[in-house]
Amino acid sequence: MSSRETWAIRVLSGPQAGQIMPLTVGYNVIGRSPNCQIKLASNAVSKEHATVLVTDDGKVIITDMNSRNGTFVNGLRVQNQKLQAGDKLTFHDLIIDILKLPAGVDPRHVQNMQNGLAPMPAWAGNGALAMPVQQHPMAAQAYPDPSAQVAQEVHAEVEHDARPRVASSGNALFDLLENLRLYLDHVAMPGIYSLIQRMNYRQGLLLLIAIYAVVLTFVATIPMVTLTKSSIRQESIRRAKTIARNLAAINRQAILEKNEVAVTVRLAELEEGVSTAVIINKDGTILAPANKRGEFAKMPFVNQARREERETDGFTGDSTLGVAVPISRYNPDTGSQEAAAYSVVLYDMGSMAMSPAQTMGLFLQIFLVAALLGGVLFFFLSRVVEHPVELLSTQLNDALREGRDDLATPYQYPLLEKLISNVNSALNRAANGSGQAFGGVSGGVINRDIEASNVVRMLNTPALSINAIDDRVIATNSAFDHLIGSAGALVGRSVNEVPDPALQANLRELLPRMREQMGSIAFSEIPFSGEKYEINGQAVLNHSGEAGWYLVVLQRSGG
């Protein structure tokens, strides 16, 4: 594959974050086993988790190998899936992306050269870092070894985005939050977006509310059942102690008089929940009930209680509670009270515990309340989401009919405000571009964007056009894309969003100079691929004599 583009993976999270691993033609096994071609350091990854097949014609296909935690592509679990450059793969807690390397790059060189780079930040994958490596095709021209250029580009990306990582290197909580954000942005949310795109938007919103109601029901039911069990336990202990105390009080006189025939547990046996009630002598023999009198009490709890001179309680099973209350008498030899016998009650808490039917009833009650509140939330949330769009649509209809460009929103929502600003700019350009034709012929309509695009594409040198109203890139030509590696990705973006820091700084410097010196060419210099390029900018006027758009041309110094 030396004459074609090659493939690699880049680890975005975990202890191997920042590592680039080449994919060879054929099957590449991914897992934690030392025998795998792609070895990932995570216990959540199976020994042989998945295979990535790279075909001779450049196709990349991933197959899950019946892994324990599954394989996810852009948030969706897959068994077999064709991959594209930039796809995010998730193996439980590890996130990696797919890179397409420029033609002629040896993946082994990239792997070796990136070993000296600083670790990539845990939140890698946003901004310039998410751009595939093949976006720098000038490497083959400027460097004899293209792999060196790829490694240099990755290093530059790491340095550009690693500063937050340095600040958080000692903050585990910060790293955890960043990894969580990365997972949500690149794994969870793409799956949710894909799901909602397959259905009506309101239905998708309703589905999310329904999931919320079910989750809320489970979250509320579990602690409520736990609290109920705790309350039942405390109430069972209180009730069992009361029964044992009453039983001791009833038989105290008979015990003191050593009238064993009068000792009885009849009243305790009639209490609900009492499974066993006995009066036990100090030596461990049973005094009551009468049918067990004289037998030795062979119960572990009773033997433990006999060693105590105070009330004791404990569980003899999952739901059986034992309580022993001493029946004391005065010992003239010691001059103190001592236990002469014990009133013992075994209480079954099952009589008070929640049955499965009661638990299900509680679950349904909570679910109905959650569903009702979810329905109210859906009603207001759908209105809140739809109203700004409906208001903007109404204003846009009026603006198109009346020729205005003064759309506004009462909502403090930056994305909506940016959208309205772009719409106003489009309306303004449409208004300023009408009423005058090319070449002075009246009756035509000038579309400044088309004009700017056509002029740029007629040039052989790298060039781009920028709208003078909102500093938005209108068009780039193939020579510019080849030099910058943008592949048209800058079109429609503000110069403040240009991912190349040097190019962004030069454009931001040139724009004010082109505005102030409409009749002059603004000049600057910028290095690309180890060579200096001149940047020349000129404002192109519209019919009102103001700057309509800017033409920016790059030319190699001395060329």
Give the lysines whose C-alpha is closer than 19 Å to that of residue 298, dropping any in the same chain fewer than 8 places away, or say none.
282
Under a 1.4 angstrom probe, counting protein chains only, how are 360, 189 ranked by accessible area, largest first?
360, 189
Any idea how far the Cα center of the stretch 518-559 sits from the one of the stretch 236-280, in Å?
102
Excluding residues on the same chain fewer than 8 positions from residue 47, give the lysines whose Cα lies under 17 Å from its Cα.
39
For the stretch 207-288, what is the accessible area per residue in Å² when the probe is 1.4 Å?
58
Sequence-distant aspartates and glutamates (8 or more away, or on other chains) whose Cα lies within less than 19 Å of residue 292:
260, 269, 283
Once phi for every residue in the stretch 475-483 is put through the Karplus expression 6.51 cos²θ - 1.76 cosθ + 1.60 (θ = phi - 60°), the whole-Hz ³J(HN,Hα) values, with Gly and Pro written as x, are 7, 10, 9, 5, 5, 5, 4, 5, 6
Using a 1.4 angstrom probe and counting only protein chains, how large is the accessible area of residue 218 in Å², to 10?
110
Descending accessible area (1.4 Å probe), largest on the left, turns 282, 258, 82 into 258, 82, 282
Which of the three applies to the stretch 193-232, rounded, prolate or oblate, going by the alpha-carbon gyration tensor with a ≥ b ≥ c and a/c under 1.5 meaning rounded?
prolate
Where does each of 318, 470 land when they are ordered by accessible area, with a 1.4 Å probe and the largest first?
318, 470
Area of residue 330 that stays accessible when all protein chains are in place (1.4 Å probe, Å², to 10):
130
Residue 369 - accessible surface, heavy atoms, 1.4 Å probe, Å² rounded to 10:
90
Quick one: which residues, 5+ away or cross-chain, put their amide H under 5 Å from the amide H of residue 275? H built at 1.01 Å from N.
346, 347, 348
The answer for residue 288, listing residues at least 5 apart or on another chain whose modeled amide H is closer than 5 Å to its amide H, is 279
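The values are calculated or read from the model by the stated rules, or taken from the named source; none is laboratory data. Here the structure is a predicted model, which means the values were calculated and not measured. Note: accessible area is taken over every heavy atom of the protein model, side chains too, but ligands, DNA and RNA are not part of it. Shrake-Rupley method; radii C 1.70, N 1.55, O 1.52, S 1.80 Å.
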